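Scroll down for the structure; my scribbles are underneath it.
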Amino acid sequence: MRSILFIGTALLVALTPVTSAETLIYHEIRTDASGKIVPWYGTGPSQAYDHDIRLLFQFWVNMRKCPNGVPMYLQHQVWTPSDEDHRGLGGDQISMALSSWRLLYGYLGDGAVRDNMVLMADYWLDHGMSPGNALWANLPFPFNTSLHSGIYDGDMRAGKGFLQPDKAASFGAELVALYQMTGNRRYLEAAVRIADTLALRVQPGDGDNSPWPFRVHAQTGEVHTVAKDGKVFRASYTTNFTGALDLFDGLIALKQGDAAQYRRARDLVFAWLKAYPMRTNHWGPFFEDVSTESVSDTEINADTLAGYLIEHPSWDPDWKTHAAAILDWSYRSFANQEWEKYGVTPINEQTAYRVPGNSHTSRHAAVELLYCEKTGDLTRKEAAIRRLNWATYMVDTDGKNRYPRDANWLTDGYGDYVRHFLRAMAAFPELAPDDQNHLLRTTSVIRSIDYGDTVISYTKFDRVSTERLKLGGWPPKSVTGGRMEWDGKTKVLTVHATEQTVRIVR
């Protein structure tokens, strides 16, 4: 089995000329013959993307520990080379990493990925949940107000005792998947408790109030409020609810918790998303460091819902039109023209901070590629790949991943970055390595996978599922545990599995 720490036998020599001495973050910009940006590493995306995501996980797991012995990525939102940054955890930092590592584990099969997922989930459950007798009970606090206390107990802006229900929902959805991966019922039971509170507290919402507020006090139920310049601002609105939809659907499918209440809550959220943000394009805040009085719309909320529509077409008969409209709105609102001469348009973060982001550019690109795959309309494909190429320049040779004009954010550079490249590979396997074997996508959750020299064996949670793999290392001779479709030209293997364990034989 290939180790996660393997980067390559040698740094490949660029096969395309460097047409400009301009440096983008860590590397000189490289282009193809037409002057369009290509990745900084290797001969193209199929080498560069794989190379970078390996570097990033290596950097993450080898990150230094804080004075209290806790890994830096569990207490800080920004990595610094020497003196530690004074800011605490990013609001969705752990959930984002769980989301990316779940895909990465299937891609690489390295047990270190799964072990890190367990470490992060256990730490948050042990050190950050609201009391069981609170109004907003059993939800994770997103921030450590005392930096090296080892305890999460509040919100970065609102302070101690406040939490963000949308981030709790995302964590709950990842806990369901982690239960499916490990079989540990602790994660399932915690997910049920999160879902129970969200279902109890959901409201129909309106143009100013989402079904759950953005910031709320766990004990009192107070929505965070700020008075400034004669105006009153309430943290009552966000649209980051795809995690909640996944959480409710996941528990309903597993027949866990109160299915009737989950359906009611899910349907309220569905109706509100259709009635408000999908019509108004008021996508609202996401980030923990943006103050309540800063009215801002974010790319992440919009494009994440576009991706959800594409992957859940039964929810919306007009999903193609609506997903395209959201992507177009994001482009109009956040397109950054600074690198236009290299044929690439990165994507800015939000209306309150119009700076191009590694995570936001790669997310927008990955959703564009998913749209291309599912609709057959390839008009967005070339531009999307160039966005991913641009985002590779944020990654240094040692695995640092810097936000342009800012810092090495542990959200944007890791959990909210790796998953977008893996999703892009799944949509278009030509972006995955041509000389390696990788699972790119599954309709289930991978519990174990081993990439052998003559056999690939994997076990998943569901008996019946569909997997997409790229077999660049060797072609398959047979599959047990399912029916295979092999495309020798693209090296793509589709497995229609009928058993929990599948063996692909060389």
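Numbers for the structure displayed
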| quantity | calculated |
| --- | --- |
| Scope segment 383-425; condition free of Cβ contacts under 8 Å to residues at least 60 places away in the same chain, more than 18 Å from F57 (Cα to Cα) and not in a loop (DSSP other than H, G, I, E, B); matching residues | A383, A384, R387 |
| Subset tally (residues that are farther than 30 Å from G90 by Cα and either touching a Cys at 6+ places or on another chain (Cβ under 7 Å) or open to solvent by less than 10 Å² (accessible area, probe 1.4 Å) (or both)) for segment 287-315 | 0 |
| Selected residue [more than 18 Å from S236 (Cβ to Cβ), open to solvent by 30 Å² or more (accessible area, probe 1.4 Å) and among the small types (G, A, S)] from A260, A324 | A260 |
| Residue within segment 102-119 that is in a helix (DSSP H, G or I), more than 30 Å from D435 (Cα to Cα) and not basic (K, R) present | yes |
| Subset of segment 181-233 [among the basic types (K, R), within 28 Å of E293 (Cβ to Cβ) and open to solvent by 10 Å² or more (accessible area, probe 1.4 Å)] | R201, K228, K231 |
| Residues being polar (S, T, N, Q) and open to solvent by less than 20 Å² (accessible area, probe 1.4 Å) - total across segment 440-451 | 1 |
| Filtered residues of segment 65-91 (kept if of a type in the set (A, V, I, L, M), surrounded by fewer than 22 Cβ atoms within 10 Å (Cβ to Cβ) and part of a loop (DSSP other than H, G, I, E, B)) | V70 |
| Single residue of segment 43-61 satisfying the filter (touching a residue at least 40 places away in the same chain (Cβ under 8 Å) and open to solvent by 40 Å² or more (accessible area, probe 1.4 Å)) that is farthest from D416 (Cα to Cα) | Q47 |
| Close pairs from segment 63-89: first more than 17 Å from D398 (Cα to Cα), partner among the small types (G, A, S) and surrounded by 15 or more Cβ atoms within 10 Å (Cβ to Cβ), Cβ under 8 Å, at least 6 apart | N68/G150; V70/G150; Q75/G88; Q75/G150; H76/G88; Q77/G88; Q77/G90; D85/A407 |
| Residues located in segment 148-157, provided they are open to solvent by 20 Å² or more (accessible area, probe 1.4 Å) and either over 21 Å from V70 (Cβ atoms) or touching a Lys or Arg at 6+ places or on another chain (Cβ under 8 Å) (or both) | D153, M156, R157 |
| Entirely in segment 149-265, the helices (runs of 4 or more DSSP H) that have 3 or more residues that are over 25 Å from W315 (Cβ atoms) and of a type outside the set (V, I, T) | 185-201 |
| Residues that are crowded, with 16+ Cβ neighbours inside 10 Å, over 14 Å from I300 (Cβ atoms) and among the charged types (D, E, K, R), drawn from segment 327-372 | E368 |
| Checklist (1) more than 28 Å from M181 (Cβ to Cβ); (2) surrounded by 19 or more Cβ atoms within 10 Å (Cβ to Cβ) applied to D110, failing item | (1) |
| A137 vs. criteria small (G, A, S), touching a residue at least 60 places away in the same chain (Cβ under 8 Å) and surrounded by 24 or more Cβ atoms within 10 Å (Cβ to Cβ) | no |
| Scope segment 315-356; condition touching a residue at least 40 places away in the same chain (Cβ under 8 Å) and within 19 Å of the chain's Cα centre (by Cα); matching residues | A323, I326, L327, P346, I347, N348, E349, Q350, P356 |
| Only listed residue being among the acidic types (D, E) and over 21 Å from N62 (Cβ atoms), chosen from D110, D122, D92 | D92 |
| Subset of segment 403-439 (residues that are under 17 Å from the mean Cα position of the chain (by Cα) and open to solvent by 20 Å² or more (accessible area, probe 1.4 Å)) | W409, R419, R423 |
| Which listed residue is under 19 Å from F57 (Cβ atoms) and either without any contact (Cβ under 8 Å) to a residue 40 or more places away in the chain or in contact with a Lys or Arg (Cβ under 7 Å, 6 or more places away or on another chain) (or both), from L440, L469 | L440 |
| Pair list, Cβ < 7 Å and 6+ apart or interchain, from segment 362-381 residues that are closer than 23 Å to A48 by Cβ to residues that are of a type in the set (K, R) and open to solvent by 20 Å² or more (accessible area, probe 1.4 Å) | A366/R423; E368/R380; L369/K381; L370/R423; Y371/R380; C372/R380; C372/K381 |
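The values are calculated or read from the model by the stated rules, or taken from the named source; none is laboratory data. Bear in mind the structure is a predicted one, so any value in this text is a computation, not a measurement. All Cβ positions, glycine included, derive from the backbone under ideal geometry; neighbour counts span all protein chains shown. Note: accessible area is taken over every heavy atom of the protein model, side chains too, but ligands, DNA and RNA are not part of it. Shrake-Rupley method; radii C 1.70, N 1.55, O 1.52, S 1.80 Å.
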